[in-house]
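Student: Take a look at the following structure, please.
The values are calculated or read from the model by the stated rules, or taken from the named source; none is laboratory data. Only a predicted model underlies this, so the values are computations on that prediction, with no experimental measurement involved. Note: ideal-geometry Cβ built from the backbone for every residue, glycine included; neighbour counts use all protein chains shown. Just so you know, the surface numbers come from the protein's heavy atoms only, side chains and all, with ligands and any DNA or RNA stripped out. Shrake-Rupley method; radii C 1.70, N 1.55, O 1.52, S 1.80 Å.
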Amino acid sequence: MWIEELPNGKFKYFERYQDPYTEKLKRVSITLTSKSNQAKKQALLELQEKIEKSTKRSNQKSLCFGEAVDIFLIAYERKVKSSSFISFKSSEKKIRSVVGEETLIKNIDAKFLRKKMEHMFYVEKYSFNYVKKIKSLVIAILENAKEEGYNVEIPKFRLNLKKEQIESPEKYLENYEVRKIIDELSSYSKNIRKAYMVEFMVLTGLRYGELIALREEDLFDGYIKVTGTIDFRSGHYSEIIRTPPKTNAAFRNISLPNRAVDIIITILQENEVLKMMTSYNDQGYIFTNKKGNPIDYRTFAPAFKRAVRVCNINKPVTSHWLRHTHISILAEMNVPIKTVMERVGHTDESTTLRIYTHVTNKMQTNLIDQLNTLNI
(Lines give C-alpha, C1' and ligand atoms only; values in the text may rest on other atoms or scores of the structure.)
Protein backbone atom coordinates (compact mmCIF):
# COMPACT_ATOMS: atom_id res chain seq x y z
CA MET A 1 0.00 0.00 0.00
CA TRP A 2 1.19 3.53 -0.75
CA ILE A 3 -0.14 7.02 -0.04
CA GLU A 4 -0.31 10.18 -2.14
CA GLU A 5 -1.17 13.59 -0.71
CA LEU A 6 -3.76 15.50 -2.73
CA PRO A 7 -3.80 19.29 -3.35
CA ASN A 8 -6.91 19.62 -1.16
CA GLY A 9 -5.04 18.26 1.88
CA LYS A 10 -6.61 14.80 1.77
CA PHE A 11 -4.73 11.53 1.31
CA LYS A 12 -5.27 8.86 -1.34
CA TYR A 13 -4.39 5.28 -0.44
CA PHE A 14 -3.55 2.75 -3.19
CA GLU A 15 -3.07 -1.01 -3.39
CA ARG A 16 -2.27 -3.34 -6.30
CA TYR A 17 -3.80 -6.75 -7.03
CA GLN A 18 -3.77 -9.28 -9.88
CA ASP A 19 -6.94 -9.47 -11.97
CA PRO A 20 -8.03 -13.16 -12.00
CA TYR A 21 -9.24 -12.99 -15.63
CA THR A 22 -6.47 -11.03 -17.38
CA GLU A 23 -3.72 -11.80 -14.81
CA LYS A 24 -2.65 -8.19 -15.18
CA LEU A 25 -1.95 -5.90 -12.26
CA LYS A 26 -4.68 -3.46 -11.33
CA ARG A 27 -5.11 -1.05 -8.49
CA VAL A 28 -7.80 0.18 -6.14
CA SER A 29 -7.85 3.37 -4.09
CA ILE A 30 -9.73 5.26 -1.39
CA THR A 31 -9.43 8.83 -0.12
CA LEU A 32 -9.23 9.74 3.59
CA THR A 33 -8.62 12.99 5.48
CA SER A 34 -5.67 11.68 7.51
CA LYS A 35 -2.58 9.51 7.26
CA SER A 36 -2.46 8.55 10.90
CA ASN A 37 -1.83 4.94 11.93
CA GLN A 38 -5.55 4.53 12.59
CA ALA A 39 -6.32 5.92 9.11
CA LYS A 40 -3.79 3.53 7.57
CA LYS A 41 -5.46 0.56 9.28
CA GLN A 42 -8.87 1.75 8.02
CA ALA A 43 -7.48 2.19 4.50
CA LEU A 44 -5.94 -1.27 4.54
CA LEU A 45 -9.27 -2.85 5.50
CA GLU A 46 -11.28 -0.92 2.92
CA LEU A 47 -8.76 -1.57 0.15
CA GLN A 48 -8.77 -5.27 0.94
CA GLU A 49 -12.58 -5.27 0.86
CA LYS A 50 -12.51 -3.66 -2.59
CA ILE A 51 -10.02 -6.23 -3.86
CA GLU A 52 -12.09 -9.11 -2.52
CA LYS A 53 -15.18 -7.68 -4.16
CA SER A 54 -13.38 -7.39 -7.51
CA THR A 55 -11.99 -10.93 -7.34
CA LYS A 56 -14.95 -12.60 -5.65
CA ARG A 57 -16.32 -14.15 -8.83
CA SER A 58 -13.04 -15.93 -9.47
CA ASN A 59 -13.57 -17.83 -6.25
CA GLN A 60 -17.11 -18.89 -7.10
CA LYS A 61 -17.77 -22.52 -7.73
CA SER A 62 -17.52 -23.39 -11.41
CA LEU A 63 -20.13 -25.50 -13.11
CA CYS A 64 -20.31 -27.97 -16.00
CA PHE A 65 -22.70 -27.07 -18.79
CA GLY A 66 -24.70 -30.26 -18.25
CA GLU A 67 -25.29 -29.25 -14.62
CA ALA A 68 -26.28 -25.76 -15.78
CA VAL A 69 -28.93 -27.29 -18.06
CA ASP A 70 -30.29 -29.33 -15.13
CA ILE A 71 -30.59 -26.19 -12.99
CA PHE A 72 -32.19 -24.27 -15.87
CA LEU A 73 -34.84 -26.96 -16.43
CA ILE A 74 -36.15 -26.62 -12.88
CA ALA A 75 -36.62 -22.85 -13.17
CA TYR A 76 -37.82 -22.89 -16.78
CA GLU A 77 -40.60 -25.38 -16.16
CA ARG A 78 -42.04 -23.09 -13.49
CA LYS A 79 -41.89 -19.97 -15.65
CA VAL A 80 -43.30 -21.01 -19.03
CA LYS A 81 -46.32 -22.71 -20.56
CA SER A 82 -46.19 -26.48 -20.83
CA SER A 83 -45.98 -26.22 -24.63
CA SER A 84 -42.85 -24.01 -24.39
CA PHE A 85 -41.26 -26.42 -21.92
CA ILE A 86 -42.03 -29.39 -24.21
CA SER A 87 -40.51 -27.43 -27.10
CA PHE A 88 -37.31 -26.92 -25.10
CA LYS A 89 -37.17 -30.61 -24.18
CA SER A 90 -37.31 -31.49 -27.88
CA SER A 91 -34.05 -29.52 -28.38
CA GLU A 92 -32.38 -30.45 -25.09
CA LYS A 93 -30.30 -33.33 -26.44
CA LYS A 94 -28.89 -31.17 -29.24
CA ILE A 95 -28.12 -28.30 -26.86
CA ARG A 96 -26.18 -30.60 -24.53
CA SER A 97 -24.20 -32.18 -27.37
CA VAL A 98 -23.36 -28.89 -29.10
CA VAL A 99 -21.79 -27.27 -26.03
CA GLY A 100 -20.66 -30.46 -24.28
CA GLU A 101 -21.85 -31.83 -20.95
CA GLU A 102 -18.43 -31.45 -19.29
CA THR A 103 -17.59 -27.99 -20.66
CA LEU A 104 -17.05 -25.54 -17.79
CA ILE A 105 -19.43 -22.63 -18.22
CA LYS A 106 -16.75 -20.19 -17.01
CA ASN A 107 -14.76 -21.06 -20.16
CA ILE A 108 -17.63 -20.50 -22.60
CA ASP A 109 -16.96 -17.28 -24.47
CA ALA A 110 -18.15 -15.69 -27.73
CA LYS A 111 -15.42 -17.34 -29.81
CA PHE A 112 -16.24 -20.81 -28.45
CA LEU A 113 -19.99 -20.48 -28.97
CA ARG A 114 -19.69 -18.85 -32.39
CA LYS A 115 -17.63 -21.79 -33.68
CA LYS A 116 -20.21 -24.24 -32.36
CA MET A 117 -23.01 -22.38 -34.14
CA GLU A 118 -21.04 -22.15 -37.39
CA HIS A 119 -20.38 -25.91 -37.28
CA MET A 120 -24.10 -26.57 -36.91
CA PHE A 121 -24.91 -24.33 -39.87
CA TYR A 122 -22.12 -25.07 -42.35
CA VAL A 123 -21.16 -28.67 -41.51
CA GLU A 124 -24.29 -30.22 -40.00
CA LYS A 125 -26.54 -28.22 -42.38
CA TYR A 126 -29.07 -27.10 -39.77
CA SER A 127 -31.31 -24.21 -40.80
CA PHE A 128 -30.45 -20.66 -39.80
CA ASN A 129 -33.59 -20.42 -37.66
CA TYR A 130 -32.77 -23.63 -35.77
CA VAL A 131 -29.18 -22.48 -35.12
CA LYS A 132 -30.56 -19.16 -33.90
CA LYS A 133 -32.94 -21.00 -31.58
CA ILE A 134 -30.13 -23.16 -30.12
CA LYS A 135 -27.96 -20.11 -29.54
CA SER A 136 -30.73 -18.25 -27.70
CA LEU A 137 -31.43 -21.27 -25.48
CA VAL A 138 -27.74 -21.69 -24.61
CA ILE A 139 -27.58 -18.00 -23.67
CA ALA A 140 -30.72 -18.42 -21.53
CA ILE A 141 -29.08 -21.36 -19.71
CA LEU A 142 -25.93 -19.32 -19.03
CA GLU A 143 -27.93 -16.31 -17.86
CA ASN A 144 -29.83 -18.52 -15.43
CA ALA A 145 -26.54 -19.90 -14.06
CA LYS A 146 -25.27 -16.35 -13.58
CA GLU A 147 -28.43 -15.44 -11.67
CA GLU A 148 -27.80 -18.44 -9.45
CA GLY A 149 -24.38 -17.00 -8.59
CA TYR A 150 -22.10 -19.15 -10.73
CA ASN A 151 -18.98 -17.89 -12.45
CA VAL A 152 -19.94 -17.22 -16.07
CA GLU A 153 -19.67 -14.44 -18.64
CA ILE A 154 -22.54 -14.15 -21.13
CA PRO A 155 -21.16 -14.34 -24.70
CA LYS A 156 -22.36 -11.47 -26.88
CA PHE A 157 -22.15 -11.84 -30.65
CA ARG A 158 -24.34 -11.81 -33.73
CA LEU A 159 -24.87 -14.84 -35.93
CA ASN A 160 -23.18 -13.75 -39.13
CA LEU A 161 -24.02 -16.81 -41.18
CA LYS A 162 -24.23 -16.54 -44.94
CA LYS A 163 -27.29 -18.31 -46.20
CA GLU A 164 -27.05 -20.13 -49.50
CA GLN A 165 -28.80 -18.17 -52.18
CA ILE A 166 -31.38 -20.82 -52.97
CA GLU A 167 -34.80 -19.57 -53.89
CA SER A 168 -37.22 -21.14 -51.45
CA PRO A 169 -40.65 -22.02 -52.77
CA GLU A 170 -43.51 -19.86 -51.62
CA LYS A 171 -45.37 -21.95 -49.09
CA TYR A 172 -48.90 -21.72 -50.35
CA LEU A 173 -51.13 -23.59 -52.77
CA GLU A 174 -52.99 -22.46 -55.84
CA ASN A 175 -56.78 -22.64 -55.63
CA TYR A 176 -56.98 -25.55 -58.07
CA GLU A 177 -54.45 -27.50 -55.96
CA VAL A 178 -56.55 -26.98 -52.83
CA ARG A 179 -59.63 -28.22 -54.65
CA LYS A 180 -57.82 -31.35 -55.87
CA ILE A 181 -56.69 -32.18 -52.31
CA ILE A 182 -60.19 -31.66 -50.90
CA ASP A 183 -61.72 -33.85 -53.60
CA GLU A 184 -59.14 -36.58 -53.02
CA LEU A 185 -59.75 -36.62 -49.26
CA SER A 186 -63.52 -36.61 -49.80
CA SER A 187 -63.28 -39.70 -51.97
CA TYR A 188 -62.68 -41.80 -48.80
CA SER A 189 -65.47 -41.76 -46.25
CA LYS A 190 -63.02 -41.90 -43.32
CA ASN A 191 -61.28 -38.74 -44.59
CA ILE A 192 -64.31 -36.56 -45.33
CA ARG A 193 -63.96 -34.71 -42.04
CA LYS A 194 -60.31 -34.06 -42.84
CA ALA A 195 -61.41 -32.59 -46.19
CA TYR A 196 -63.68 -30.21 -44.28
CA MET A 197 -60.74 -29.27 -42.05
CA VAL A 198 -58.52 -28.46 -45.03
CA GLU A 199 -61.21 -26.27 -46.56
CA PHE A 200 -61.94 -24.54 -43.24
CA MET A 201 -58.26 -23.68 -42.67
CA VAL A 202 -57.99 -22.21 -46.17
CA LEU A 203 -61.12 -20.12 -45.54
CA THR A 204 -60.04 -18.85 -42.10
CA GLY A 205 -56.23 -18.94 -41.87
CA LEU A 206 -56.35 -20.89 -38.59
CA ARG A 207 -53.29 -22.73 -37.34
CA TYR A 208 -53.91 -26.46 -36.98
CA GLY A 209 -53.77 -26.30 -33.19
CA GLU A 210 -56.25 -23.42 -33.17
CA LEU A 211 -58.61 -25.34 -35.44
CA ILE A 212 -58.88 -28.44 -33.28
CA ALA A 213 -59.08 -26.30 -30.11
CA LEU A 214 -62.32 -24.73 -31.32
CA ARG A 215 -65.24 -25.49 -29.02
CA GLU A 216 -68.94 -24.84 -29.42
CA GLU A 217 -68.63 -21.96 -26.96
CA ASP A 218 -66.26 -20.25 -29.43
CA LEU A 219 -69.00 -20.04 -32.10
CA PHE A 220 -70.90 -16.81 -32.58
CA ASP A 221 -73.22 -15.38 -35.18
CA GLY A 222 -71.03 -15.03 -38.27
CA TYR A 223 -67.65 -15.37 -36.56
CA ILE A 224 -65.49 -17.56 -34.32
CA LYS A 225 -63.37 -16.54 -31.34
CA VAL A 226 -59.83 -17.98 -31.15
CA THR A 227 -59.07 -18.56 -27.47
CA GLY A 228 -56.73 -21.56 -27.39
CA THR A 229 -54.61 -24.16 -29.10
CA ILE A 230 -54.08 -27.89 -28.63
CA ASP A 231 -50.59 -29.31 -28.11
CA PHE A 232 -50.06 -33.05 -28.60
CA ARG A 233 -46.28 -32.93 -28.23
CA SER A 234 -46.46 -34.75 -24.91
CA GLY A 235 -46.45 -37.86 -27.08
CA HIS A 236 -49.73 -39.28 -25.80
CA TYR A 237 -52.71 -39.39 -28.13
CA SER A 238 -55.17 -39.35 -25.23
CA GLU A 239 -53.53 -36.44 -23.38
CA ILE A 240 -55.18 -33.23 -24.54
CA ILE A 241 -53.33 -30.08 -23.50
CA ARG A 242 -55.34 -26.94 -24.29
CA THR A 243 -53.27 -23.80 -23.78
CA PRO A 244 -53.66 -20.12 -24.69
CA PRO A 245 -52.86 -19.23 -28.31
CA LYS A 246 -49.30 -18.78 -29.56
CA THR A 247 -49.17 -14.99 -28.95
CA ASN A 248 -51.41 -12.23 -27.61
CA ALA A 249 -52.20 -11.27 -31.19
CA ALA A 250 -53.48 -14.82 -31.74
CA PHE A 251 -56.46 -14.03 -29.48
CA ARG A 252 -58.80 -12.82 -32.19
CA ASN A 253 -62.23 -12.95 -33.79
CA ILE A 254 -62.47 -14.33 -37.32
CA SER A 255 -65.49 -13.56 -39.47
CA LEU A 256 -66.72 -16.55 -41.46
CA PRO A 257 -67.71 -16.72 -45.12
CA ASN A 258 -70.90 -18.65 -45.87
CA ARG A 259 -69.04 -21.81 -46.87
CA ALA A 260 -67.19 -21.91 -43.53
CA VAL A 261 -70.52 -21.54 -41.70
CA ASP A 262 -71.92 -24.44 -43.75
CA ILE A 263 -68.95 -26.62 -42.76
CA ILE A 264 -69.46 -25.84 -39.06
CA ILE A 265 -73.16 -26.67 -39.28
CA THR A 266 -72.40 -29.97 -41.04
CA ILE A 267 -69.77 -30.96 -38.46
CA LEU A 268 -72.06 -30.10 -35.54
CA GLN A 269 -74.84 -32.20 -37.01
CA GLU A 270 -72.47 -35.14 -37.45
CA ASN A 271 -71.27 -34.71 -33.87
CA GLU A 272 -74.83 -34.95 -32.57
CA VAL A 273 -75.04 -38.38 -34.19
CA LEU A 274 -71.66 -39.38 -32.71
CA LYS A 275 -72.82 -38.28 -29.24
CA MET A 276 -75.39 -41.07 -29.32
CA MET A 277 -72.49 -43.54 -29.18
CA THR A 278 -71.36 -44.56 -25.70
CA SER A 279 -67.71 -44.27 -26.72
CA TYR A 280 -68.06 -40.54 -27.50
CA ASN A 281 -66.79 -38.27 -24.72
CA ASP A 282 -68.38 -34.88 -25.34
CA GLN A 283 -65.84 -32.21 -24.31
CA GLY A 284 -67.32 -29.45 -26.41
CA TYR A 285 -64.76 -29.67 -29.22
CA ILE A 286 -65.92 -29.41 -32.84
CA PHE A 287 -63.37 -31.10 -35.10
CA THR A 288 -63.21 -34.40 -33.23
CA ASN A 289 -62.69 -38.09 -33.86
CA LYS A 290 -65.29 -40.74 -33.00
CA LYS A 291 -64.23 -40.64 -29.34
CA GLY A 292 -64.83 -36.92 -28.98
CA ASN A 293 -61.16 -35.96 -28.85
CA PRO A 294 -59.68 -33.24 -31.09
CA ILE A 295 -58.20 -34.89 -34.19
CA ASP A 296 -54.50 -35.42 -33.51
CA TYR A 297 -52.14 -33.98 -36.13
CA ARG A 298 -50.42 -37.37 -36.31
CA THR A 299 -53.73 -38.74 -37.58
CA PHE A 300 -54.44 -35.84 -39.93
CA ALA A 301 -50.97 -35.45 -41.48
CA PRO A 302 -50.58 -38.91 -43.13
CA ALA A 303 -53.97 -38.64 -44.86
CA PHE A 304 -53.24 -35.06 -45.93
CA LYS A 305 -49.78 -35.88 -47.30
CA ARG A 306 -51.11 -38.90 -49.13
CA ALA A 307 -53.74 -36.73 -50.84
CA VAL A 308 -51.05 -34.23 -51.86
CA ARG A 309 -48.96 -37.07 -53.32
CA VAL A 310 -51.89 -38.65 -55.18
CA CYS A 311 -52.73 -35.26 -56.67
CA ASN A 312 -49.16 -35.01 -58.05
CA ILE A 313 -48.48 -31.77 -56.21
CA ASN A 314 -44.69 -31.77 -55.99
CA LYS A 315 -44.34 -29.43 -53.04
CA PRO A 316 -43.36 -30.14 -49.39
CA VAL A 317 -46.86 -29.28 -48.26
CA THR A 318 -47.85 -29.22 -44.57
CA SER A 319 -51.01 -28.01 -42.87
CA HIS A 320 -49.31 -24.64 -42.31
CA TRP A 321 -49.35 -24.11 -46.07
CA LEU A 322 -53.13 -23.85 -45.81
CA ARG A 323 -52.73 -20.84 -43.52
CA HIS A 324 -50.34 -19.24 -46.01
CA THR A 325 -52.77 -20.08 -48.79
CA HIS A 326 -55.40 -18.06 -46.94
CA ILE A 327 -53.00 -15.10 -46.85
CA SER A 328 -52.36 -15.42 -50.60
CA ILE A 329 -56.11 -15.40 -51.28
CA LEU A 330 -56.53 -12.22 -49.23
CA ALA A 331 -53.60 -10.64 -51.08
CA GLU A 332 -55.25 -11.42 -54.43
CA MET A 333 -58.39 -9.72 -53.09
CA ASN A 334 -56.27 -6.61 -52.29
CA VAL A 335 -57.10 -6.82 -48.57
CA PRO A 336 -54.82 -4.35 -46.68
CA ILE A 337 -51.85 -6.08 -45.08
CA LYS A 338 -52.73 -4.78 -41.59
CA THR A 339 -56.17 -6.38 -41.90
CA VAL A 340 -54.54 -9.64 -43.05
CA MET A 341 -52.18 -9.65 -40.05
CA GLU A 342 -55.05 -9.09 -37.62
CA ARG A 343 -57.08 -11.88 -39.20
CA VAL A 344 -54.30 -14.48 -39.02
CA GLY A 345 -52.87 -13.26 -35.69
CA HIS A 346 -49.42 -12.25 -36.94
CA THR A 347 -47.25 -9.95 -34.82
CA ASP A 348 -44.27 -10.09 -37.19
CA GLU A 349 -45.23 -8.80 -40.61
CA SER A 350 -42.28 -10.48 -42.40
CA THR A 351 -44.12 -13.73 -43.23
CA THR A 352 -47.31 -11.93 -44.18
CA LEU A 353 -45.44 -9.39 -46.27
CA ARG A 354 -43.36 -12.03 -48.08
CA ILE A 355 -46.46 -13.92 -49.26
CA TYR A 356 -48.40 -10.72 -49.89
CA THR A 357 -45.60 -9.21 -52.01
CA HIS A 358 -45.07 -12.40 -54.02
CA VAL A 359 -48.76 -12.70 -54.85
CA THR A 360 -49.19 -9.04 -55.78
CA ASN A 361 -46.04 -9.21 -57.95
CA LYS A 362 -47.53 -12.23 -59.70
CA MET A 363 -50.73 -10.25 -60.25
CA GLN A 364 -48.72 -7.43 -61.83
CA THR A 365 -47.00 -9.93 -64.15
CA ASN A 366 -50.36 -11.36 -65.19
CA LEU A 367 -51.58 -7.83 -65.86
CA ILE A 368 -48.63 -7.11 -68.15
CA ASP A 369 -49.16 -10.42 -69.96
CA GLN A 370 -52.76 -9.47 -70.59
CA LEU A 371 -51.78 -5.99 -71.79
CA ASN A 372 -49.20 -7.51 -74.15
CA THR A 373 -51.90 -9.57 -75.85
CA LEU A 374 -54.25 -6.63 -76.14
CA ASN A 375 -55.07 -5.61 -79.72
CA ILE A 376 -56.15 -2.01 -80.12
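Student: Considering only the stretch 254-282, state which residues are more than 29 Å from the chain's Cα centre (by Cα) and not in a helix (DSSP H, G or I). Please lay out each step first, then the result.
Tutor: Of the stretch 254-282, the ones more than 29 Å from the chain's Cα centre (by Cα) are 257-282.
Hits for the stretch 254-282 are Pro257, Lys275, Met276, Met277, Thr278, Ser279, Tyr280, Asn281, Asp282.
Student: Any chance you could count how many residues in the stretch 83-107 are in contact (Cβ under 8 Å) with a residue 12 or more places away in the chain, of a type in the set (Gly, Ala, Ser) and closer than 22 Å to Ser62 by Cα?
Tutor: Matching residues across the stretch 83-107 total 1.
Student: Given the criteria outside any loop (DSSP other than H, G, I, E, B), modelled with pLDDT under 95 and under 29 Å from the mean Cα position of the chain (by Cα), does Thr318 qualify?
Tutor: Working: outside any loop (DSSP other than H, G, I, E, B): no; modelled with pLDDT under 95: yes; under 29 Å from the mean Cα position of the chain (by Cα): yes.
Here the answer is no, as Thr318 does not meet what is asked.
Student: Now a separate question. For Lys171, only one of the following conditions fails: (1) open to solvent by 30 Å² or more (accessible area, probe 1.4 Å); (2) at pLDDT 90 or above. What is its number?
Tutor: Tallying (1) open to solvent by 30 Å² or more (accessible area, probe 1.4 Å); (2) at pLDDT 90 or above, Lys171 fails exactly one: (2).
Student: Identify the residue in the stretch 342-356 that is open to solvent by less than 50 Å² (accessible area, probe 1.4 Å) and in contact (Cβ under 8 Å) with a residue 60 or more places away in the chain and, among all such residues, is farthest from Tyr208 (Cα to Cα). Spell out how you get there, then give the answer.
Tutor: To start, the set of residues in the stretch 342-356 that are open to solvent by less than 50 Å² (accessible area, probe 1.4 Å) comprises 343-346, 351-352, 355-356.
Adding the requirement that they be in contact (Cβ under 8 Å) with a residue 60 or more places away in the chain leaves 343-346, 355.
Details: Arg343: 15, Val344: 12, Gly345: 13, His346: 15, Ile355: 19 Å.
In this case the residue turns out to be Ile355.
Student: Looking for something under 20 Å from Pro155 (Cβ atoms) and touching a helix residue (DSSP H, G or I) at 6+ places or on another chain (Cβ under 8 Å) - is there at least one such residue anywhere in the stretch 21-35? Step through it out loud before you land on a result.
Tutor: Taking the stretch 21-35 as the starting set, the residues that turn out to be under 20 Å from Pro155 (Cβ atoms) are 21-22.
Still in the running and touching a helix residue (DSSP H, G or I) at 6+ places or on another chain (Cβ under 8 Å): 21.
There is at least one residue in the stretch 21-35 that is under 20 Å from Pro155 (Cβ atoms) and touching a helix residue (DSSP H, G or I) at 6+ places or on another chain (Cβ under 8 Å).
Student: Is it the case that Ile329 is closer than 13 Å to Met201 by Cβ and buried (at least 16 other Cβ atoms within 10 Å of the Cβ)? Explain how you work it out, then say what you get.
Tutor: Numbers: closer than 13 Å to Met201 by Cβ: yes; buried (at least 16 other Cβ atoms within 10 Å of the Cβ): yes.
Yes: the conditions hold for Ile329.
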